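First comes the structure, then the notes that go with it.
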Amino acid sequence: MTAPTTGSTSVWKLDPTHSNIEFSAKHLMLTTVRGRFADVEGTVTVKGATPDTAAVDATMKVASIDTRTEQRDQHLRSADFFDVENYPAITFKSTRISGSRERFTITGDLTIRGTTKPVTLDVTYEGTGKDPWGGERMGFSADGKIDRREFGLTWNQALEAGGVVVSNEIKIHIDAQLVRS
């Protein structure tokens, strides 16, 4: 994560139409089901030329969850899972960034259902370039995982043959495009 000029502060805003915040879980211990949050916003503030000078702040609106199945989305919005009426947003605020410009880790406070836990994401810098409208853009991809039970997401059903309906491990994948403010 690099500011175009060293020593200066730059602010980059997440471009939600060219970004994807996705999660996946095992269903019935057989297949992977994916979902995403369509309504996201975020900023990256960079105060120098290395990743450790940056601060990341992101918000995902839980009501925008999309797993391509409306019945499942409604269940995920309910009190069994995200409880969108009481906890309308998921937030992430970085606390530490370390590594090289091309590959680094971001550790931060992830808050889901009012519970905040540290999470570390492995990040790859995808590049910086000018867009056709004179703006400057940066791209990143990131991966991590959480145990959903740590955030109060404990609903499940045991299967007759063993296992559960929804895995406890949730994988996170992010493709983020940022626009310099």
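The values are calculated or read from the model by the stated rules, or taken from the named source; none is laboratory data. Quick caveat: nothing in here was measured; it's all calculated off a predicted structure. With ideal geometry, Cβ positions are generated from the backbone for all residues, glycine too; neighbour counts draw on all protein chains shown.
For segment 22-79, how many residues meet the condition of being without any contact (Cβ under 8 Å) to a residue 60 or more places away in the chain, assigned to a loop (DSSP other than H, G, I, E, B) and within 18 Å of Gln157 (Cβ to Cβ)?
Here the count works out to 5.
What is the number of the single condition among (1) out of contact with any Phe, Trp or Tyr (no Cβ under 7 Å at 6 or more places or on another chain); (2) at pLDDT 95 or above; (3) buried (at least 16 other Cβ atoms within 10 Å of the Cβ); (4) under 15 Å from Phe23 (Cβ atoms) that Glu150 does not meet?
Only one criterion in (1) out of contact with any Phe, Trp or Tyr (no Cβ under 7 Å at 6 or more places or on another chain); (2) at pLDDT 95 or above; (3) buried (at least 16 other Cβ atoms within 10 Å of the Cβ); (4) under 15 Å from Phe23 (Cβ atoms) is unmet by Glu150, namely (3).
Could you give me the residue pairs with C-beta distances under 7 Å whose first residue belongs to segment 97-125 and is on the phi > 0 side of the Ramachandran plot, whose second residue is of a type in the set (Val, Ile, Thr) and assigned to a strand (DSSP E or B) wherever it lies, and which are 6+ apart or on separate chains?
Gly99/Thr105
Here are Arg180, Arg149, Arg101, Arg113: which of them is over 17 Å from the mean Cα position of the chain (by Cα) and within 22 Å of Glu41 (Cβ to Cβ)?
So the residue among Arg180, Arg149, Arg101, Arg113 that is over 17 Å from the mean Cα position of the chain (by Cα) and within 22 Å of Glu41 (Cβ to Cβ) is Arg180.
I'm checking my understanding of the structure. Among residues of segment 120-142 that are surrounded by fewer than 17 Cβ atoms within 10 Å (Cβ to Cβ) and touching a Pro at 6+ places or on another chain (Cβ under 9 Å), which one is farthest from His173 (Cα to Cα)?
Out of the qualifying residues, it is Glu136.
Select from segment 17-41 the residues that are crowded, with 16+ Cβ neighbours inside 10 Å, touching a Ser or Thr at 6+ places or on another chain (Cβ under 7 Å) and either among the small types (Gly, Ala, Ser) or under 14 Å from Met138 (Cα atoms) (or both) and list them in ascending order.
Ser24, Ala25, Gly35
What's the number of the condition Glu160 fails, among (1) out of contact with any Lys or Arg (no Cβ under 7 Å at 6 or more places or on another chain); (2) farther than 19 Å from Glu41 by Cα; (3) at pLDDT 95 or above?
If we test Glu160 against (1) out of contact with any Lys or Arg (no Cβ under 7 Å at 6 or more places or on another chain); (2) farther than 19 Å from Glu41 by Cα; (3) at pLDDT 95 or above, just (3) comes out false.
Inspect segment 56-76 for any residue being surrounded by fewer than 16 Cβ atoms within 10 Å (Cβ to Cβ) and at positive phi and give the result as yes or no.
Yes: segment 56-76 contains one or more residues that are surrounded by fewer than 16 Cβ atoms within 10 Å (Cβ to Cβ) and at positive phi.
Please find, within segment 77-112, the residue that is surrounded by the fewest Cβ atoms within 10 Å (Cβ to Cβ) out of those that are of a type in the set (Ser, Thr, Tyr) and within 26 Å of Asp122 (Cβ to Cβ).
Among them, the one singled out is Ser100.
From Lys171, Lys117, Lys145, grab the single residue that is in a strand (DSSP E or B), touching a helix residue (DSSP H, G or I) at 6+ places or on another chain (Cβ under 9 Å) and surrounded by fewer than 17 Cβ atoms within 10 Å (Cβ to Cβ).
Criteria check complete, one pass: Lys117.
Just a yes or no: is a residue in segment 19-28 more than 20 Å from Ser167 (Cβ to Cβ) and out of contact with any Cys (no Cβ under 8 Å at 6 or more places or on another chain)?
Yes, the conditions are met somewhere in segment 19-28.
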